[in-house]
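Asker: Below are the structure tokens for one structure; questions will follow.
The values are calculated or read from the model by the stated rules, or taken from the named source; none is laboratory data. Fair warning: this is a prediction, and the values are worked out from it, not measured in the lab. Note: ideal-geometry Cβ built from the backbone for every residue, glycine included; neighbour counts use all protein chains shown. Surface areas here come from the heavy atoms of the whole protein model, side chains and all, with no ligands, DNA or RNA. Shrake-Rupley method; radii C 1.70, N 1.55, O 1.52, S 1.80 Å.
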Amino acid sequence: CKAVASRVRGAVATVSFDHFHRHSADLIRHSVCGIGDDGEPRDELFFPSNNLVITNVDIQSVEPVDNRTKDALQKSVQLAIEITTNSQEATARHEAQRLEQEARGKLERQRISD
């Protein structure tokens, strides 16, 4: 278990947060079994000391062990949600203002025509 955890931690430490967030399942699976000489992921991990063979990894959850990292991650996710929400609100406001201005222009042209 410690050997597998160490492999995962080592692989995760080499990539950016964004890359890990998008590809965590593949990254974890590839880090456990490794990559072969041909560049393809291996199908199993063999421990010769006890003849243990790991053929698959079931990822149930991904959580940081360090509390500081966990807090930073939560803040990062909250900030990303806030930024996305603010952007969507600004886009909606801009579109509403554009439509209102367009309607006022049409109304003004109609008044001029009449």
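Asker: Would it be correct to say that F47 is free of Cβ contacts under 8 Å to residues at least 40 places away in the same chain and aromatic (F, W, Y)? Even if it seems obvious, please write down each step before you answer.
Answerer: Working: free of Cβ contacts under 8 Å to residues at least 40 places away in the same chain: no; aromatic (F, W, Y): yes.
Taking the combined requirement at face value, the residue does not satisfy it.
Asker: Name the residues in the stretch 27-42 that are surrounded by 10 or more Cβ atoms within 10 Å (Cβ to Cβ) and on the phi < 0 side of the Ramachandran plot, would you? Quick ask: steps written out before the conclusion?
Answerer: The initial filter retains those residues of the stretch 27-42 that are surrounded by 10 or more Cβ atoms within 10 Å (Cβ to Cβ), namely 27-36, 41-42.
Result: L27, I28, R29, H30, S31, V32, C33, I35, G36, P41, R42.
Asker: Of all residues in the stretch 57-91, how many are surrounded by 10 or more Cβ atoms within 10 Å (Cβ to Cβ), among the polar types (S, T, N, Q) and closer than 20 Å to V4 by Cβ?
Answerer: Residues in the stretch 57-91 being surrounded by 10 or more Cβ atoms within 10 Å (Cβ to Cβ), among the polar types (S, T, N, Q) and closer than 20 Å to V4 by Cβ: 1 in total.
Asker: Can you confirm whether V8 is aliphatic (A, V, I, L, M) and open to solvent by less than 50 Å² (accessible area, probe 1.4 Å)?
Answerer: Values: aliphatic (A, V, I, L, M): yes; open to solvent by less than 50 Å² (accessible area, probe 1.4 Å): yes.
Answer is yes for this residue.
Asker: Moving on. Mind telling me which of the residues D38, D43 ends up being under 24 Å from V12 (Cβ atoms), assigned to a loop (DSSP other than H, G, I, E, B), over 24 Å from the mean Cα position of the chain (by Cα) and at pLDDT 85 or above? Please lay out each step first, then the result.
Answerer: Working: D43 fails: at pLDDT 85 or above.
When all the criteria are applied, what remains is D38.
Asker: Please list, ordered by first then second residue, the pairs with beta carbon atoms under 6 Å, 6 or more apart or interchain, first in the stretch 1-28 and free of Cβ contacts under 8 Å to residues at least 12 places away in the same chain, second open to solvent by less than 90 Å² (accessible area, probe 1.4 Å) and part of a helix (DSSP H, G or I).
Answerer: Listed by first residue and then by second, the contacts come to F20/V12.
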